[in-house]
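First comes the structure, then the notes that go with it.
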Amino acid sequence: MINEARMLEEFFELVRIDCPSGQEKSVAEVLRHRLESLGCTVAEDQAQQHFEGNCGNLVATLPATKASAPTVLFTSHMDCVSPCLSIQPRLENGRITSAGDTVLGGDDKAGITAILEGLRALKESGKPHGAVQIVFTVHEEGGLKGSKHMDAALLNADFGYALDADGAPGEIVTMAPGQDSITAIVHGKKAHAGLAPEEGINAIQAAGNALAALKIGRIDEETTANVGLIQGGTATNIVPDHVEIHAEARSRNLAKLEAQSRHMKETVERVCQEYGASAEVTVQRQYDSFILAPDSPAVSLAVAAAHQINLPVHITGTGGGSDANHFNRKGVPTAVLGVGMKKVHTTEEYIAEKDLYDSARFVLAILEQASLS
Ligand SMILES: [Zn+2]
């Protein structure tokens, strides 16, 4: 059974520990002890060697007491977005908020607490269960860096769940887009704007023409694109020779993602060339899309678990990426579960107390359902 008082106390304890992206070490140490005391073996990978960070992802394994059951993975991220130093959580009328000057950090400590409490309740029940893998990632915010560089050799789960969506417990996200970053550097030719403009090639105008020719926004029901940042020029009296454009494309359909990125690259290159300028365009895959079938083990087990504890099931897709994109890529079919966090990445972030407890019940029910097989 879920112990609500214990869970609330742990949630408060964890959100109070400072852990902006790349500085998760203090919270990781607490979590390592907690996982070890639950009977897990805990490893830490070296993901942080690929970016700035003071610790790697934690990968814990709880051994099976029933060999035939599948190995299930649960994951949440340890870091939070700024402002997130000295968070002071408070509970009022069934709702947990920060003091108002920071985020709450329920994104994603709600997920972490639900996993820990679900695991604890499973152990206390004494029921036989399959092996469980728990991955607490670093640097999810700002690029999914921890999961991207996660050491896949440490993963052996059959399927898994990322507790990191803002829907209510019972929400199961089974589709997410892949994303490309597109960077264009437009080269023109510098000249004095008053004395010899005919000697210049205006990189800003070339870029402007190119951008006007791009299809962006919502491309179709699975595909979006955006130009988000443009930089260039030095002064009004100089014909600018350099512009940088940063854009992105997303799609749940890999072929459509590739087609959209190709369109953006080729259009910018062609229009700049027609203008007399040139453009170097690079397309970089940030993460792949994933789609889990309704009858896949991850989805059907979560649905059965939600029914077991009377949570309304809501199967849906998302337009954003999460650690689940990388776990799917690394061979663990992973759905994203709603934990009820609201207004994340703002100082108004909150979570209903009930959603916190229901998330732990959901974790426990998934583990119980998995141990039936
Ligand atoms: Zn999150």
Original post:
away from the ligand (no atom under 16 Å from the Cβ) and either touching a strand residue (DSSP E or B) at 6+ places or on another chain (Cβ under 6 Å) or part of a loop (DSSP other than H, G, I, E, B) (or both) - does that describe any residue in region 100-115?
Top reply: yes
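Table: residues versus (1) of a type in the set (A, V, I, L, M, F, W, C); (2) in a strand (DSSP E or B); (3) within 16 Å of the ligand (Cβ to nearest atom); (4) surrounded by fewer than 24 Cβ atoms within 10 Å (Cβ to Cβ).
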position	(1), (2), (3), (4)
Ala306	yes, no, no, no
Thr316	no, yes, no, yes
Gly319	no, no, yes, yes
His326	no, no, yes, no
Leu337	yes, yes, yes, no
Lys354	no, no, no, yes
Tyr357	no, no, no, yes
**OP:** Inspect region 36-56 for any residue being within 16 Å of the ligand (Cβ to nearest atom), more than 25 Å from Ser300 (Cβ to Cβ) and under 16 Å from the mean Cα position of the chain (by Cα) and give the result as yes or no.
**Re:** no
Original post:
Residue check: is Val299 open to solvent by less than 30 Å² (accessible area, probe 1.4 Å), in a helix (DSSP H, G or I) and either within 25 Å of Asp158 (Cα to Cα) or among the polar types (S, T, N, Q) (or both)?
Top reply: yes
**OP:** Could you please tell me which pairs satisfy a Cβ distance under 7 Å, a separation of 6+ or placement on different chains, a first residue in region 93-118 that is among the acidic types (Asp, Glu), and a second residue that is open to solvent by less than 10 Å² (accessible area, probe 1.4 Å) and in a loop (DSSP other than H, G, I, E, B)?
**Re:** Asp107/Glu349
Original post:
Do we have any residue at all in region 278-296 that's assigned to a helix (DSSP H, G or I) and away from the ligand (no atom under 16 Å from the Cβ)?
Top reply: no
Subject >> Output for region 257-285, where each listed residue is open to solvent by less than 50 Å² (accessible area, probe 1.4 Å), in contact with a Ser or Thr (Cβ under 8 Å, 6 or more places away or on another chain) and not aliphatic (A, V, I, L, M) >> reply: Gln260, Cys272
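The values are calculated or read from the model by the stated rules, or taken from the named source; none is laboratory data. Here the structure is a predicted model, which is why all the values come from computation and not from measurement. Reconstructed Cβ throughout: ideal geometry from the backbone, glycine too, with neighbour counts over all protein chains shown. Each accessible area value is taken on the protein alone, full model and side chains, heavy atoms only, with ligands, DNA and RNA left out. Shrake-Rupley method; radii C 1.70, N 1.55, O 1.52, S 1.80 Å.
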